[in-house]
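What follows draws every value from the coordinates through simple rules; no lab data is involved. Quantities reported herein were computed from a predicted structural model and do not represent experimental measurements. Because the Cβ atoms are built from the backbone with ideal geometry, glycine has one as well, and the counts that use them run over all protein chains shown.
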Amino acid sequence: MSISKVWVLAESADSKPTSITLELLTFARSLNTEIHAIGWGENVESLSTELGNYGATTLNVVPNVGDSLPGVPVASAIAQAVNSGNGPDLLLIGATYDGRDIAGRLSAKLNVPVLTNVTGLELQDESLVASHSIFGGTQVAKSKFTGNSQPQIFVIRAKTFSAEPSSGSPTNVNSLDPGAMDSTNAAKIVSRHVEERSGPKLDEADIVVSGGRGLSDKSNYSMIEELAKLLKGAPGASRAIVDAGWVPYAYQVGQTGKTVKPTVYIACGISGATQHLVGMKNAKNIIAINKDPEAPIFSVADLGIVGDTQKILPKLIEELKSRL
Amino acid sequence: MNVVVCVKQIPDPAAPGELDPNTNNLRRDGKLIMDDSDSYGVEMGLQLAESAGGGEVTLVSMAPNNETSGLRTALAMGAAKATLISDDALSGSDALSTAKVLAAAIKRSQPDLIIAATESSDGYTGTTPVQVAELLNLPAVTFAKKITVEGSSIKVERQTEAGYDEVTCPLPALVTVTAGVVEPRYPNFKGIMAAKSKPVDDLKVSDLGLTAEEVGSTGARQVVFEVVAAEARQAGEKIVDEGEAHKEVVSFLEKLKLI
């Protein structure tokens with residue numbers, strides 16, 4: 001099935017397209033087809049310069065999303081476009097909070113399947129083949145759609161592609177028909193809370209320092225934060241300590257959680273469960289500190305230190321402080 | 001308030017996973033346990049039903065071979081009853097087919113609230129709950145870290161990139177919860193004994209008004225056609241800390257010109 005029109009979900013933060021949006025646009029350009037972005041929210045038109053610079057020619061805007069969670073209105077607008085023959089053959093969506101909502105809603109609305117958790121996508125004999133990292137990244141499952149249902153929907157993990165601008169001109173802006181909204185659109189945002197996190201974002205940081213169960217106690221996580229701050233990096237966490245309520249879900253690196261590709265990933269007291277490895281094993285360099293010499297994390301570490309985080313981290317912090 | 005909690009019974013994540021060499025489906029023919037991610041939903045459901053002063057928690061699960069061991073764990077925690085959909089026709093179902101099955105089963109109990117995990121610990125698809133909500137024509141709030149019931153609606157703190165949003169939503173609705181939001185209770189002896197006699201309603205695809213063609217590998221419109229070994233990462237130097245190992249970290253970072 002040939003692909004002639006691609007839509008890329010354009011999400012934004014601080015009036016800029018998110019990195020995953022730019023990564024997906026960059027991939028879309030490799031298909032040599034018409035590329036549209038689809039966005040929503042206040043001042044979404046201001047994204048047109050940047051989206052154009054990464055290859056989109058049109059920005060389709062979902063009007064009046066207002067205080068609604070975007071899942072229903074955005075999926076509804078895309079479904080409306082598909083049903084009236086103006087929709088895409090291929091829809092690329094980032095594996096984000098809202099992206100997953102939109103993909104799930106749209107899939108059920110249009111009765112089309114969706115491939116999620118995609119860590120690679122390529123054209124093979126006119127078919128798009130998706131890669132999925134399984135069993136802790138030791139194996140790669142390759143999948144594709146078998147029917148002719150359209151559009152093909154892929155939900156793609158961050159860092160699957162790297163973003164490169166193409167110096168295209170700003171996009172046209174086109175308003176979509178949102179269609180009739182029903183009771184499914186009843187969830188409304190009352191207030192937004194920003195949790196102050198100084199330093200770079202977890203998935204954009206050059207250095208990530210993560211902590212796990214081996215820290216022994218919630219209070220020891222402050223060493224992870226301090227170390228991250230000293231290195232101008234971002235603190236992260238394993239699923240175990242997120243599940244235990246030590247730190248919020250937003251800190252989680254792994255299959256459930258963020259994918260990171262920093263220059264250096266420092267895993268402190270993290271054993272390296274498959275679920276965690278998927279999220280960080282593509283870091284350029286990995287340092288692991290763990291008491292258990294048999295911990296699986298050492299099999300991916302460039303520098304492995306068998307030892308107690310509670311002894312090593314304070315010394316490391318002191319040493320770095322003395323260099324300030 | 002009546003709550004349905006979706007529970008997935010999965011192969012023990014501590015054991016190495018295995019794919020069926022013919023179909024590339026994850027093998028689920030061994031012993032299955034309740035997905036840890038679902039224990040938070042079960043706990044949340046129990047707490048909300050208790051604080052609402054009445055109502056019960058019903059579990060809904062789709063699993064092969066009439067597997068109930070994971071359901072018994074949740075029943076032992078305090079859920080009142082369970083619906084199990086187990087049918088050979090379901091083998092190889094994709095996420096949307098799974099959602100159709102779960103939605104049809106949930107519809108039978110007309111709950112006020114449906115709770116699911118944000119994603120399972122074996123498939124990680126993460127779209128099934130929202131598909132269920134759409135098929136039932138219900139609103140959904142995903143990635144909840146806190147839920148409170150206020151009359152006929154709920155207030156939810158929903159995880160976002162920047163922090164969280166406070167969201168209100170009228171009931172009935174579907175909510176997905178992230179792990180760590182509540183402390184799941186351990187089943188006590190009394191609970192475990194009671195769980196043995198709690199009702200588990202056994203359903204087949206035909207009981208749900210679905211046809212075998214809509215589900216399972218025949219209904220799936222996606223296929224895993226190949227599984228290959230990932231590029232392996234080589235382990236580097238491993239040293240044992242004798243009091244000076246922090247210096248190794250410093251010089252490693254120095255070499256990369258990061259400090």
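Here is how the numbers come out for the structure above:
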item: Residues located in region B:225-259, provided they are among the charged types (D, E, K, R) and surrounded by fewer than 16 Cβ atoms within 10 Å (Cβ to Cβ); result: B:E226, B:E231, B:E237, B:K238, B:E242, B:E244, B:K247, B:E254, B:K255, B:K257
item: Flag for B:A82 being farther than 26 Å from A:S107 by Cα, touching a residue at least 24 places away in the same chain (Cβ under 8 Å) and touching a helix residue (DSSP H, G or I) at 6+ places or on another chain (Cβ under 8 Å); result: yes
item: Scan of region A:221-260 for residues that are assigned to a loop (DSSP other than H, G, I, E, B) and surrounded by fewer than 20 Cβ atoms within 10 Å (Cβ to Cβ), ordered by number; result: A:K232, A:A244, A:G245, A:P248
item: Qualifying residue in region A:95-112 (condition: closer than 25 Å to A:V278 by Cβ, at the interface with another protein chain (Cβ under 10 Å from one of its Cβ atoms), β-branched (V, I, T) and assigned to a helix (DSSP H, G or I)); result: yes
item: Filter result (over 15 Å from A:A295 (Cβ atoms) and in a loop (DSSP other than H, G, I, E, B)) within region A:261-284; result: A:K261, A:P262, A:T263, A:N282, A:A283, A:K284
item: Which listed residue is within 12 Å of another protein chain (Cβ to nearest Cβ) and touching a Leu at 6+ places or on another chain (Cβ under 9 Å), from B:L138, B:L71, B:L48; result: B:L138
item: Residue in region A:68-79 that is in a strand (DSSP E or B), within 12 Å of chain B (Cβ to nearest Cβ) and under 15 Å from A:M181 (Cβ atoms) present; result: yes
item: Given (1) polar (S, T, N, Q); (2) part of a helix (DSSP H, G or I); (3) in contact with a His (Cβ under 9 Å, 6 or more places away or on another chain), index of the condition A:S48 fails; result: (3)
item: Filtered residues of region A:233-261 (kept if charged (D, E, K, R) and more than 9 Å from every other protein chain (Cβ to nearest Cβ)); result: A:K258, A:K261
item: Per-region count, region A:228-279, residues under 25 Å from B:D12 (Cα atoms) and among the β-branched types (V, I, T); result: 8
item: Of the criteria (1) more than 8 Å from chain A (Cβ to nearest Cβ); (2) under 16 Å from the mean Cα position of the chain (by Cα); (3) closer than 30 Å to A:L115 by Cβ, which one B:T178 fails; result: (1)
item: Failed item, numbered, when A:A205 is tested on (1) surrounded by 22 or more Cβ atoms within 10 Å (Cβ to Cβ); (2) in contact (Cβ under 8 Å) with a residue 60 or more places away in the chain; (3) more than 30 Å from A:K109 (Cβ to Cβ); result: (2)
item: Number of the condition not met by B:P111 [criteria: (1) over 30 Å from A:K258 (Cβ atoms); (2) surrounded by fewer than 24 Cβ atoms within 10 Å (Cβ to Cβ); (3) touching a residue at least 40 places away in the same chain (Cβ under 8 Å)]; result: (2)
item: Selection count, region A:57-71, where residues are within 20 Å of the chain's Cα centre (by Cα) and aliphatic (A, V, I, L, M); result: 1
item: Whichever residue in region B:201-220 is in a loop (DSSP other than H, G, I, E, B) and exposed (fewer than 15 other Cβ atoms within 10 Å of the Cβ) and, among such residues, is nearest to the chain's Cα centre (by Cα); result: B:K204
item: Selected residue (criterion: farthest from the other protein chains (Cβ to nearest Cβ)) from residues of region A:293-324 that are part of a loop (DSSP other than H, G, I, E, B) and touching a Gly at 6+ places or on another chain (Cβ under 8 Å); result: A:A295
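For (1) within 13 Å of chain A (Cβ to nearest Cβ); (2) within 22 Å of the chain's Cα centre (by Cα); (3) among the charged types (D, E, K, R), each residue gets a yes or a no:
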residue	(1), (2), (3)
B:L171	yes, yes, no
B:L174	yes, yes, no
B:E183	yes, yes, yes
B:Y186	no, yes, no
B:K196	no, no, yes
B:P199	no, yes, no
B:Q222	yes, yes, no
